[in-house]
Every structure is written in C-alpha cells, then in structure tokens.
Amino acid sequence: MKTPQVHLLLRGHDVDSLPPALYGSDPAKRVMRLATALAASPTLAQMGPTRFVVRQDPEPVLAIIGEFGEDDQPRLDALQHTIQTVLPTIRYVSYEAAEAACRSLAEQLVERVGPTGLRHSRLRAIPRGGHIVLGLLSYLLEIDDLNDGGGPLIVVDDCAISGVRLRQFLNGLDEEGEIVFAHLYSTPEVRNAIELAESGVLCVAGDDLRDLAPERLGSGHEAWQERWRDRSEIPYWIGQPEHIVFPWNEPDSSFWNPVTNREERSWTLAPADRCLKTNQDQAAPVIALPIPSGALRPDRETLWARFGDRVIIANLETRAVMSLDGSAANMWEALITEDSDEAVLAKISTLYDVDPAALRKDLSAFVDDLRQRRLAV
C-alpha cells in the first residue's frame with residue numbers, strides 16, 4: 001500500500017557540498033539544478049507520482065514528496081545515500097580534462113604497444129561513450145579500422161567501473177588475438193582483475209579512479225563484496241569508485257532492492273546542460289515553492305506540492321502529512337496566496353456554489369486542523 005510521504009534530502013549548509021562544476025556557484029540555483037537532475041532519474045519510472053520540492057527561504061531545502069510503498073523505501077534509501085555519500089566525491093570530467101586523459105592514454109598506448117604495433121592495429125568502440133574516445137584517439141594515433149591488421153585489436157571506452165561492459169563486448173567478439181582495452185578512467189583494481197581473468201587482454205587507462213569502498217564500509221567491506229558476488233551479472237571487480245560524469249555520459253550505477261529482489265538503476269546526478277545522457281523529456285516535476293504571502297502562514301518546516309486535483313502537505317519535523325482533494329486543496333492554495341480571510345472566502349466562492357456561512361465555518365475548521373498538525377501557524 002502506498003501512502004503520502006515527504007523525505008528531506010538536503011538543507012542549509014549541506015548545499016555547500018554540491019560541486020560547482022556541476023551545479024554552479026549561485027547558491028540560489030544550485031539546489032534547483034540538483035533537483036532537475038534527480039528528477040530525470042530512470043528509477044522514477046518504478047515509482048508512483050513524485051515531486052521534487054525546492055524551498056529557498058528561510059534556508060535552502062530539497063525534499064521529495066509522493067505516495068510511496070514498501071518497494072520504494074530502498075529507492076529512497078539509495079537516494080539519501082547518493083546525496084550524502086556519493087555527491088560530495090563526484091568527479092566531473094570537462095572536455096578539456098577528457099582530452100588531457102586521452103593524450104595520456106595515447107602516450108601509454110605508444111609505450112605499451114609500440115609504434116609498429118599501433119600502425120597495424122584496429123580500433124573498436126564500446127557504445128556509446130567509447131565512440132567519443134575512439135574519435136579522439138584516431139586523431140592522436142592516426143589509426144582506424146582501415147588498418148591492415150596484424151597488430152592488437154584496441155577496444156575503446158570512456159571508463160571501466162566494474163568491467164561488465166567489456167565482458168559483454170568480449171562475449172560478442174568473433175575474432176581472436178591480442179586485445180588492448182584502452183579507456184580514459186578506471187581503478188587500478190578493476191584493470192588488474194580484468195587482466196587476471198582475461199589472459200589475452202592488456203588494460204591501459206588515461207587516469208586513475210580511487211576505490212572508496214574500503215573507507216566507506218570499513219570492516220564490512222568484504223561481506224559487502226560477497227553479497228554482490230551473488231547478485232545479477234558477474235563483474236570482474238566489485239568496488240565503489242569515484243562517481244564520474246563526462247559531458248556526454250554519466251555511467252550507470254545501481255543498488256540492490258531487497259523488496260523486489262533485484263538490482264535497480266540508481267539516481268541521476270548530472271544536470272542536462274552538463275551531460276548529454278541526462279534526459280529531461282520524461283522528468284518528474286520540480287516545484288519551487290514561493291514565499292507565502294497569504295492570510296495563512298505554513299509552518300517553517302512545511303512543504304507542499306500539487307498532484308493533479310490533489311495537494312500533499314507535509315511537515316519535515318513532525319512527519320505530519322495531509323492529502324487534500326478537491327475543495328480542500330483549493331482552500332489551502334487560497335489561504336497561502338490571498339492576503340485576507342475575506343479574500344480567501346471570495347476566491348473559494350467563485351469556485352463552488354456554497355452557503356457563505358457554511359463556507360466560513362468549514363474554512364475555520366480546516367485552518368484549526370492545519371494548525372493542530374503543525375502544518376500552519
């Protein structure tokens with residue numbers, strides 16, 4: 001059963017953890033940019049109607065409001081973990097940084113494969129990020145698929161997180177011979193694991209990522225790895241590298257949902273203007289709450305959002321939630337926007353044919369209920 005809920009994601013000084021490279025330097029816009037990125041997350045397709053709510057006054061607040069069930073709780077937990085743990089260590093690779101990593105990769109290929117080997121090599125890309133790197137490498141090394149062969153096959157990608165994408169590529173490969181896996185970013189651990197598992201594969205990376213799992217998980221690190229070895233598609237390596245974002249790609253990350261008993265895609269962190277992969281076409285709505293100017297003042301911990309004919313109101317501190325339909329939803333909106341009780345009554349009277357005395361009585365009872373629940377002051 002799904003119930004109306006609110007979950008606080010970010011507030012106050014936590015906004016300082018948002019990296020300027022992705023979210024800009026304007027504090028008033030940074031939370032909104034994160035909200036729009038989260039709203040484009042594919043995992044929302046598994047959930048009911050959802051709204052991300054941003055409030056700037058009296059302090060920045062980001063929350064998610066919706067009707068959530070038992071299977072949504074692990075998704076919300078993953079969202080909280082992503083914001084609190086992953087976001088502060090995110091690594092944004094600009095085009096300039098990607099080009100520098102590609103030059104480093106090209107130099108290492110020359111050193112490891114040799115000029116003669118490269119002249120007889122062919123380049124193949126792992127879609128889609130690999131195509132970007134392949135284009136850069138082909139210019140730097142002056143090799144492509146037109147070469148006569150005889151040298152190693154150079155398989156190109158933008159990064160290697162667990163090695164699953166390489167494994168899929170190799171499983172579909174119908175040719176034999178030496179393979180060089182050339183990519184911009186990976187951990188030394190995943191490169192070592194690939195070379196141990198695939199005797200004919202040499203790994204070359206432009207730059208290193210750090211594995212953050214040991215410091216995040218401490219004594220539970222090995223047990224965590226064992227749990228993941230029993231799940232889904234088997235990777236070469238299990239870890240938690242820095243979350244990397246390219247201007248063209250935010251590599252997929254995942255979490256385990258114990259309710260659905262499956263691996264699910266995690267949350268998007270890159271705004272669309274920083275990453276081509278972020279798709280805003282089917283994004284959830286993001287609500288920027290105005291400063292209330294009406295006869296009724298919401299409690300400072302109260303957030304709200306409209307869902308069609310309904311409004312969900314929630315207090316972040318008390319966890320009190322009200323789901324308002326029809327006339328009650330319209331009453332709420334009139335109370336927080338109209339500047340006097342008479343203006344509120346006039347506004348509601350234009351929407352419903354109701355006795356003025358009865359309306360005044362209903363409105364008074366409604367306001368008392370809101371105040372008792374600490375949704376209004």
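Which aspartates and glutamates does residue 2 reach when only Cα atoms under 15 Å apart count, and residues fewer than 8 places away in its own chain are ignored? Those aspartates and glutamates meeting the cut-off are 67, 70, 71, 72. A 1.4 Å probe run over the protein chains yields, for segment 116-220, 48 Å² of accessible area per residue, whole-number rounding. Average accessible surface for segment 224-377: 51 Å² per residue, computed with a 1.4 Å probe over protein heavy atoms with every protein chain in place.
Gap in Å between the Cα centre of segment 156-189 and the Cα centre of segment 200-219? So the two Cα centres are separated by 15 Å. Looking at the P(r) of segment 157-219, how many percent of alpha-carbon pairs lie beyond 13 Å? The share of Cα pairs beyond 13 Å in segment 157-219 comes to 64 percent. Note on segment 116-249: Cα-only Rg and Dmax are 15.8, 52 Å.
Put simply, the amide H of residue 244, placed in the peptide plane, has neighbours under 5 Å in 91, leaving out anything fewer than 5 places away on its chain.
When 23, 236, 139, 352 are compared by accessible surface with a 1.4 Å probe, the order from highest to lowest is 139, 352, 236, 23. Rounded to the nearest 5, the antiparallel percentage of DSSP beta bridges internal to the chain is 55%. For residue 29, a cut-off of 24 angstrom between C-alpha atoms picks up these lysines, skipping any fewer than 8 places away in its own chain: 277. All C-alpha to C-alpha distances of the chain, sorted into 20 Å bins beginning at zero, yield P(r) values of 25, 44, 22, 8, 1 percent in whole numbers.
Derived scalar couplings between HN and Hα for segment 150-164 equal x, x, x, 7, 9, 9, 10, 8, 7, 7, 10, 9, 10, x, 4 Hz in order, rounded to whole Hz, by the Karplus curve 6.51 cos²θ - 1.76 cosθ + 1.60 (θ = phi - 60°), x for Gly and Pro. Which lysines, if any, have their Cα less than 25 Å from the Cα of residue 361, not counting same-chain residues under 8 positions apart? Within the straight-line cut-off, residue 361 pairs with 347.
Our helix-only sum for the chain, with -39,500 (n - 2.57) per DSSP H run of n ≥ 4 divided by its residues, gives a mean residue ellipticity at 222 nm of -10500 deg cm²/dmol. A P(r) calculated from all alpha carbon pairs of segment 274-342, with 5 Å bins opening at zero, reads 4, 14, 20, 22, 17, 8, 7, 5, 2, 0, 0 percent. Globularity index of segment 240-299 is 1.69 (Cα radius of gyration / 2.2 N^0.38 Å, N = number of residues). Within the assembled protein chains, the solvent-accessible surface assigned to residue 29 is about 120 Å², based on a 1.4 Å probe. Estimated at the nearest 10 Å², the accessible area of residue 256 is 60 Å² with a 1.4 Å probe. Counting only protein heavy atoms and a probe of 1.4 Å, the accessible surface of segment 306-377 is 49% carbon and sulfur.
Ligands, DNA and RNA left out, the 1.4 Å accessible surface of segment 119-202 is 48% carbon and sulfur atoms. What percentage of the solvent-accessible surface of segment 1-47, computed with a 1.4 Å probe over protein heavy atoms, is contributed by carbon and sulfur atoms? Carbon plus sulfur share of accessible area: 60 percent.
Distance from the C-alpha centroid of segment 36-66 to that of segment 313-377: 24 Å, rounded to the whole angstrom.
Normalised by 2.2 N^0.38 Å, where N counts its residues, the alpha-carbon radius of gyration of segment 233-377 equals 1.52. Convex hull volume of the Cα atoms of segment 62-119, normalised per residue: 176 Å³.
Close amide H pairs (under 5 Å, H built 1.01 Å from N) link residue 180 with 153, 154, 155, 202, residues at least 5 positions away or on another chain. Among the trypsin sites (Lys or Arg not before Pro) found in segment 85-145, those both in a DSSP coil and sparsely packed, with 13 or fewer other Cβ atoms within 10 Å of their Cβ, are 128.
For segment 129-191, the list of trypsin sites (Lys or Arg not before Pro) that fall in a loop by DSSP and count at most 16 other C-beta atoms within 10 angstrom is empty. Rolling a 1.4 Å probe over the protein chains gives residue 107 an accessible area of about 130 Å².
The values are calculated or read from the model by the stated rules, or taken from the named source; none is laboratory data. What you see is a predicted model, and the numbers here were worked out from it, not measured in a lab. Counting neighbours? That spans all protein chains shown, and the Cβs are built from the backbone with ideal geometry, glycine included. Only protein heavy atoms, including side chains, enter the accessible area calculation; ligands, DNA and RNA are left aside. Shrake-Rupley method; radii C 1.70, N 1.55, O 1.52, S 1.80 Å.
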